[in-house]
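A.B. asks: Sharing a structure with you now.
Derivation of every value follows stated rules applied to the coordinates shown; laboratory data play no part. From a predicted model like this one, the values you see are computed outputs, not experimental measurements. We place every Cβ from the backbone using ideal geometry, glycine too, and count neighbours over all the protein chains shown.
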Amino acid sequence: GQMPRNVKLWSSWNYTRKVKTDSMKLSMTYWLNSIQKLNTETNFFLTLNPEKKISDREMHKEIIFTHPIFNLNNKEIKKQILERQGQNNIWVCGSFLGYGFHEDGIQSGLLVAENITKEDRPWTIEKSWNRIAV
C-alpha cells in the first residue's frame, strides 16, 4: 500500500518522496477515515501521485485531476481578469484567481455571486476576500 507499514505512523496526511532520485515529486495519501471521521472498519485512502502502482483490487476509482500551474505571468493575468470582472456581464471565478486551493475557488465564486446578485453571503469571516487579489 501507500501507507507506512507501522499503523502507529499513520496520520491524516502522509507523504513520501523517493530519496534515491533527483525528482522532487511527492506522493500524498490522505487517510479518509481520520479526516472525514468515517465510522467503518474498512480504511479508505486517497492518493495523489502514487509512488507505487495501486492494485485494481485496492482501488475504488481512478480520477485524473489537474491543478493550476503558476508562473510569473499569472499575477498580470489575474490583475487583468479582476479589472475586467463584470464587463459585458462576463464574470470569471476559479481557484486560479487565488493560490489554487479549494478555498480560493469558493471565495472567487462567492465574490462573483455577490456582485451579480448584489447580496452578501449570510455569514462573515474576517478578510474572507483577501485570497482573491493581485
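A.B. asks: Taking 8 Å as the Cα distance limit and 6 or more residues as the minimum spacing, I'd like the relative contact order of the chain as a percentage.
C.D. replies: Working: 134 pairs, mean separation 20.1, N = 134.
Over the chain, the number comes to 15 percent.
A.B. asks: If you don't mind, another one. Could you work out how far helix 102-117 tilts from the main Cα principal axis of the chain, as a 0 to 90 degree angle to the nearest 10?
C.D. replies: Long axis of 102-117 versus the principal axis of the chain: about 30 degrees.
A.B. asks: Mind checking which lysines have their C-alpha under 30 Å from K25, skipping anything on the same chain fewer than 8 residues away?
C.D. replies: Once the sequence-local lysines are set aside, what remains near K25 is K8, K37, K52, K53, K61, K75, K78.
A.B. asks: For the chain, what does the helix formula give at 222 nm: sum of -39500 (n - 2.57) over DSSP H segments with n ≥ 4, over the residue count, nearest 500 deg cm²/dmol?
C.D. replies: -7000 deg cm²/dmol
A.B. asks: Helix 73-84 against the longest principal axis of the chain: what's the angle in degrees, Cα atoms only, rounded to the nearest 10?
C.D. replies: Rounded to the nearest ten degrees, it is 40.
A.B. asks: Might you report the magnitude of the Cβ-based charge dipole of region 68-134 about its Cα centre, with Lys and Arg at +1 and Asp and Glu at -1, to the nearest 20 debye?
C.D. replies: On the way: 8 positive and 8 negative charges, 38 e Å.
Computed about the Cα centre, the dipole is about 180 debye.
A.B. asks: 5 Å is the cut-off here: which amide hydrogens, built 1.01 Å from N in the peptide plane, fall below it relative to V92, excluding neighbours closer than 5 in sequence?
C.D. replies: Excluding prolines and chain starts, which carry no amide H, the hits are G86.
A.B. asks: Also, quick follow-up: Just want the ordering: Y30, Y99, from fewest to most Cβ atoms lying within 10 Å of their own Cβ.
C.D. replies: Sorted ascending by nearby Cβ count, the order is Y99, Y30.
A.B. asks: Only one of the listed values, (i) 8.9; (ii) 12.5; (iii) 8.2, was derived from the coordinates as mean projected area of the Cα convex hull in nm²; which label is it?
C.D. replies: Given (i) 8.9; (ii) 12.5; (iii) 8.2, the calculated one carries the label (ii).
A.B. asks: I would also like to ask the following. Specify which residue in the list L72, T124, Y15 is farthest towards the positive end of the charge dipole of the chain, using unit charges on the beta carbon of Lys, Arg (+1) and Asp, Glu (-1), about the Cα centre.
C.D. replies: Of the options given, the answer is Y15.
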